[in-house]
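**Student:** My structure is below; once you've seen it, I'll send some questions.
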Amino acid sequence: MRFDPAEGLAGSIHAPADKSISHRAALLGAMSSEPVRIEDYLHAADTDSSLQAVAALGALVEVLENGVVVRGTGLREALEPPAPIDVGNAGTLMRLLPGWLAAQVGRSFTLDGDASIRRRPVDRIMDPLGQMGAELRARDERFPPLQIAGSRLRAITYELKVPSAQVKSCVLLAGLAADGSTTVVEPVRSRDHTERMLLAAGAPIVREGPRLTVSNVDELLLGELAIPGDASSAAFLVAAGVLVPGSRLLIRDVGVNWTRTGFLRILRRMRGIVIGDLEEESEEIVPYEPVSDLDVAHGALEGTVVEPDEVPLAIDELPLVALLGCFAEGETLVRGAGELRLKESDRIAGVVDGLRGLGADIEATEDGFVVRGGEGLRGGTIDAQGDHRMAMMGAVAGLASREGVEVVGIDAAAVSYPSFVSDLRAVCS
């Protein structure tokens with residue numbers, strides 16, 4: 001699909017529901033002892049995989065006009081399905097679900113997915129779960145399919161080698177049914193949706209500096225929750241508004257949890273014009289997600305350096321930082337982002353090759369990239385390689401380029417943002 005240069009974006013648009021929170025809501029709904037009503041659940045390929053997975057494990061899922069109701073099995077009563085659970089392309093599901101299943105004593109499970117999932121390693125969750133007493137097997141001891149034999153788990157203290165909200169969440173979910181209190185130590189903070197939702201569900205969870213501790217609990221009672229707009233999906237609309245001259249956009253109901261707004265803070269440092277009531281950094285765990293409208297306008301950008309401690313809070317938006325860097329004065333450098341090589345595609349290689357093909361002066365490093373900006377982008381063709389964020393980046397690049405961009409594989413955007421193309425077209429008219 002081709003995206004031609006735009007003369008100015010205008011309008012008001014609701015951000016799509018948050019993918020990360022939707023995944024977690026489906027899982028904790030299935031783990032809860034009473035029905036859970038989830039307002040504004042995201043219906044996209046990835047998150048629908050979570051609903052299908054919990055249904056296969058015995059939860060009853062009712063799809064409503066404005067959300068879903070999940071009637072779960074309880075914390076320790078997941079059913080053993082007759083066939084492997086298909087996670088599709090959902091890396092979050094592949095890494096979080098084993099934390100619950102590992103504690104289902106006497107039952108066995110197999111998780112599998114598409115070709116992309118089979119290239120994404122699961123050894124980072126196998127290590128802590130194995131230390132807790134779980135029995136797991138994977139292809140080449142590292143890749144899906146992942147086989148899990150439910151066991152009685154013991155509490156551990158686990159220090160994350162690499163910041164990862166997914167690994168952290170997996171261990172915390174396993175800790176709910178482990179004997180004693182389980183602690184995860186983070187090298188730097190990562191997104192904290194799991195902690196907030198566990199607190200809302202009545203789980204005994206506390207934070208002391210970098211240490212998160214959860215204790216054994218009999219049941220979860222999540223009740224009701226509403227899914228805010230996805231900050232990562234909204235980021236593509238924000239970038240389009242900042243890059244296209246003459247633009248002014250209002251993006252409504254965006255989740256502004258401070259562990260998800262790293263990109264917005266980086267963008268503000270680059271002199272991007274984004275006005276919104278962002279949550280302030282805090283050590284406290286709260287049982288809710290803050291929401292704000294974002295007022296976005298075009299502005300002249302300056303290059304910046306993204307340091308390793310900023311990466312976990314902007315990991316999904318770093319391709320957009322590269323795109324912004326093409327239009328910023330000076331040099332934009334991202335380092336400490338080696339995790340990008342383990343996403344749906346090698347996003348470092350994909351971003352560098354893709355933007356270079358559009359005329360960018362960009363080079364890959366071992367753990368990031370460097371962009372020499374100021375000239376913008378000529379345009380051309382970019383292959384999304386099945387990666388939803390690459391597809392959306394290419395579309396935004398087309399609007400800001402001089403000649404337009406043909407995005408091969410734009411359908412990949414449906415993984416997280418099914419209405420992306422129509423929303424983008426709406427603010428271009």
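None of the figures in this text is laboratory data; all of them are computed from the coordinates on show. Everything numeric in this text was worked out from a predicted model, so none of it was measured. Please note: Cβ atoms are built from the backbone with ideal geometry, for glycine as well, and neighbour counts cover all protein chains shown.
**Student:** Modelled label-to-label distance, Asp277 and Glu39, 7 Å Cα→beta-carbon offset: nm?
**Tutor:** Once both label points are built, they end up 1.6 nm from each other.
**Student:** Could I ask something else about it? Using the Cβ atoms and a cut-off under 12 Å, what net charge is assigned to the surroundings of Tyr417, where Lys and Arg are +1 and Asp and Glu are -1?
**Tutor:** Details: positive: Lys19, Arg389; negative: Asp18, Asp46, Asp230, Asp316, Asp411, Asp423.
Local net charge: -4.
**Student:** Quick check: from the Cα gyration tensor, does region 19-226 come out rounded (a/c under 1.5), prolate or oblate? Before the final figure, lay out the partial values.
**Tutor:** Values: a/c = 1.35, a/b = 1.10, b/c = 1.23.
Taking the square roots of the gyration eigenvalues as a ≥ b ≥ c, region 19-226 is rounded.
**Student:** With +1 on the Cβ of every Lys and Arg and -1 on the Cβ of every Asp and Glu, and nothing else charged, how large is the dipole of region 19-226 about its Cα centre, in debye rounded to the nearest 20? Mind showing how you got there, number by number?
**Tutor:** Details: 23 positive and 26 negative charges, 133 e Å.
Charge dipole, region 19-226, about its Cα centre: 640 debye, nearest 20.
**Student:** Ok, one more. How much length would be gained if the chain were fully extended between Tyr288 and Asp367, taking 0.36 nm per residue of separation minus their Cα-Cα distance, in nm to one decimal? Before the final figure, lay out each step's value.
**Tutor:** Numbers: separation 79, 0.36 × 79 = 28.44 nm, distance 3.35 nm.
Here the segment from Tyr288 to Asp367 would lengthen by 25.1 nm.
**Student:** I'm spelling it out carefully: the read-out is percent of Cα pairs over 28 Å apart, the candidates are (1) 57; (2) 46; (3) 53, and one was derived from this structure. Which label?
**Tutor:** Checked against the structure: label (2).
**Student:** Could you work out how far apart the two model spin labels at Glu406 and Gln147 are, taking each label as a point 7 Å from the Cα in the direction of the beta carbon, and quote it in nm?
**Tutor:** It works out to 4.7 nm between the two label points.
**Student:** FRET efficiency for Ala414 and Arg252, Cβ-Cβ distance as r, R0 = 25 Å, nearest 0.05? Show your work: numbers first, answer last.
**Tutor:** Working: r = 21 Å, r/R0 = 0.85.
Given R0 = 25 Å and the Cβ-Cβ separation, E is 0.70.
**Student:** Rank Ile148, Ala165, Ala201 by how far each Cα sits towards the positive end of the charge dipole of region 122-227 (+1 on Lys, Arg Cβ; -1 on Asp, Glu Cβ) and give me just the farthest.
**Tutor:** Ranked along the dipole, the leading option is Ala165.
**Student:** Using the Karplus equation 6.51 cos²θ - 1.76 cosθ + 1.60 (θ = phi - 60°), what ³J(HN,Hα) coupling, rounded to whole Hz, does each residue of region 73-90 give in order, writing x for Gly and Pro?
**Tutor:** Coupling constants for region 73-90: 9, x, 5, 10, 10, 4, 7, 7, x, x, 9, x, 7, 8, 8, x, 10, 8 Hz.
**Student:** May I pose another question? So, in nm, how far is label Met1 from label Glu329 when the simple model puts each one 7 Å beyond its Cα toward the Cβ?
**Tutor:** Once both label points are built, they end up 3.6 nm from each other.
**Student:** Suppose a student asked you for the relative contact order of the chain, using Cα pairs under 8 Å spaced at least 6 residues apart; what percent would you report? Each step should come with its number before you reach the end.
**Tutor:** Values: 1082 pairs, mean separation 74.4, N = 429.
With pairs under 8 Å counted, the relative contact order is 17 percent.
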